[in-house]
1. Can you tell which of LYS191, LYS172, LYS124 is more than 16 Å from ligand 2 (Cβ to nearest atom), farther than 21 Å from GLY36 by Cβ, basic (Lys, Arg) and assigned to a helix (DSSP H, G or I)?
2. Checking HIS99 against (1) surrounded by 20 or more Cβ atoms within 10 Å (Cβ to Cβ); (2) free of Cβ contacts under 8 Å to residues at least 12 places away in the same chain, which test does it fail?
3. Looking only at region 127-155, filter to residues that are among the hydroxyl-bearing types (Ser, Thr, Tyr) and not in a strand (DSSP E or B); which one of those is farthest from ligand 2 (Cβ to nearest atom)?
4. Quick check on SER268: is it away from ligand 2 (no atom under 14 Å from the Cβ), hydroxyl-bearing (Ser, Thr, Tyr) and surrounded by fewer than 18 Cβ atoms within 10 Å (Cβ to Cβ)?
5. Do you know which residues across region 52-79 are polar (S, T, N, Q) and touching an Asp or Glu at 6+ places or on another chain (Cβ under 6 Å)?
6. Of THR102, THR87, which residue is within 16 Å of GLY60 (Cβ to Cβ) and within 22 Å of the chain's Cα centre (by Cα)?
7. Looking at ALA251 and the list (1) surrounded by 18 or more Cβ atoms within 10 Å (Cβ to Cβ); (2) over 24 Å from SER96 (Cα atoms), which single condition is not satisfied?
8. Only one of (1) under 30 Å from LEU286 (Cα atoms); (2) without any contact (Cβ under 8 Å) to a residue 60 or more places away in the chain; (3) buried (at least 19 other Cβ atoms within 10 Å of the Cβ) fails for LEU116. Which number is that?
Amino acid sequence: MVITVTLNPAMDKTITLKGLNIGSVNRAITVREDIGGKGINVSKVLKNFNISSLCTGFLGGELENSFIHDFKKRKLNNDFIHIQNETRANIKIVDSLNHTNTDINEPGPYISKEELKIFIDKFKSMCSKEDIVVLSGGVSPSMPDDIYLHLTKIAKEKEAFVILDADGELLKHGIKACPDVIKPNNHELQKLLNLSDISEENIINAAKVLKNKGIAKIMISLGEKGGLFVTENGVYKCKGLKVPVKSTVGAGDSMVSAIVYSLINNYSDKETLRFATACGAASVALDGTQACTLQQVHELLKEVKCEIKEEF
Ligand SMILES: Nc1ncnc2c1ncn2[C@@H]1O[C@H](COP(=O)(O)OP(=O)(O)OP(=O)(O)O)[C@@H](O)[C@H]1O
Ligand SMILES: [Mg+2]
């Protein structure tokens with residue numbers, strides 16, 4: 001089973017308008033609402049890849065029912081902990097005149113110690129041997145910084161495979177439990193290891209440091225420049241594809257979905273990075289948080305070349 005964890009989900013409200021005027025009344029042309037949060041976004045892409053997954057995390061307040069309704073509509077399995085406080089909404093303002101995207105993200109609800117304990121107990125009972133667990137995204141301010149360290153330990157004790165995609169303190173603590181794969185972008189890796197710059201050499205060396213600490217595979221996304229994959233087998237590089245960029249939101253989540261897909265299909269490290277690069281490109285070529293399809297990815301995959309920089 002694939003389990004995706006979203007500790008701070010959000011209803012993404014995308015408002016499209018022609019010309020955003022700060023400080024005055026703006027009229028929306030279209031408004032749409034989509035359930036979101038990184039783990040949920042990974043599940044949406046996996047659904048398009050014919051892989052079923054179970055979404056979990058915290059939900060509460062008025063938006064909880066909208067989430068449950070949307071999960072049902074999308075045929076996404078879900079098992080969330082009900083909390084007292086309100087799940088957040090994030091506002092995305094798309095200005096079609098000036099081609100800008102402006103995001104306003106709420107911090108997310110306070111989660112009590114009791115609610116966290118209920119979640120941890122549920123997570124323990126959910127994970128089992130050979131599951132693939134995706135821990136992805138930020139958390140609300142009430143959550144301890146070492147939450148991913150804790151969840152990784154639990155999942156690994158159950159012999160599940162863990163993929164971690166997080167930033168800052170969450171990543172810093174999370175890696176201490178040696179998740180099987182991490183997917184930082186170049187800036188997140190720079191922050192994690194205090195790198196002086198993000199030259200390719202520095203990034204590869206930094207990933208090797210993490211590998212020596214026991215993280216088997218490190219996939220580093222480089223935005224439009226593509227990605228690097230440092231594993232126990234070698235160092236691989238794919239250049240980014242030239243695609244019309246509609247929205248870069250969710251490109252990293254598509255990459256994480258690609259890692260899950262590649263694991264299930266026994267892809268080599270090289271094929272995994274190629275597939276992940278194509279998924280990232282497919283995602284940026286789509287509007288908003290729309291999930292890419294297998295057909296779109298396979299079309300782009302033909303163009304992805306992979307350079308083997310080192311083999312061990
Ligand atoms: N402008 C672009 N053109 C082509 N491909 C892109 C572009 N931006 C991102 N990608 C693809 O998507 C992958 C992931 O992108 P990125 O490095 O921006 O992830 P991220 O910073 O983790 O994003 P997220 O906001 O989803 O967390 C890249 O490795 C690349 O393959
Ligand atoms: Mg990311």
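The values are calculated or read from the model by the stated rules, or taken from the named source; none is laboratory data. Because the structure is a prediction, the values reported are computed rather than measured. Note that each Cβ is placed from the backbone with ideal geometry, even for glycine, and that neighbours are counted across all protein chains shown.
1. On the way: LYS191 fails: more than 16 Å from ligand 2 (Cβ to nearest atom); LYS172 fails: more than 16 Å from ligand 2 (Cβ to nearest atom).
Criteria check complete, one pass: LYS124.
2. Only one criterion in (1) surrounded by 20 or more Cβ atoms within 10 Å (Cβ to Cβ); (2) free of Cβ contacts under 8 Å to residues at least 12 places away in the same chain is unmet by HIS99, namely (1).
3. SER128
4. Numbers: away from ligand 2 (no atom under 14 Å from the Cβ): yes; hydroxyl-bearing (Ser, Thr, Tyr): yes; surrounded by fewer than 18 Cβ atoms within 10 Å (Cβ to Cβ): yes.
Answer is yes for this residue.
5. Within region 52-79, the subset polar (S, T, N, Q) is 52-53, 56, 65-66, 77-78.
Scanning region 52-79 gives a single hit, THR56.
6. Values: THR102 fails: within 16 Å of GLY60 (Cβ to Cβ).
Exactly one residue qualifies, and that residue is THR87.
7. All conditions are met except number (2).
8. (1)
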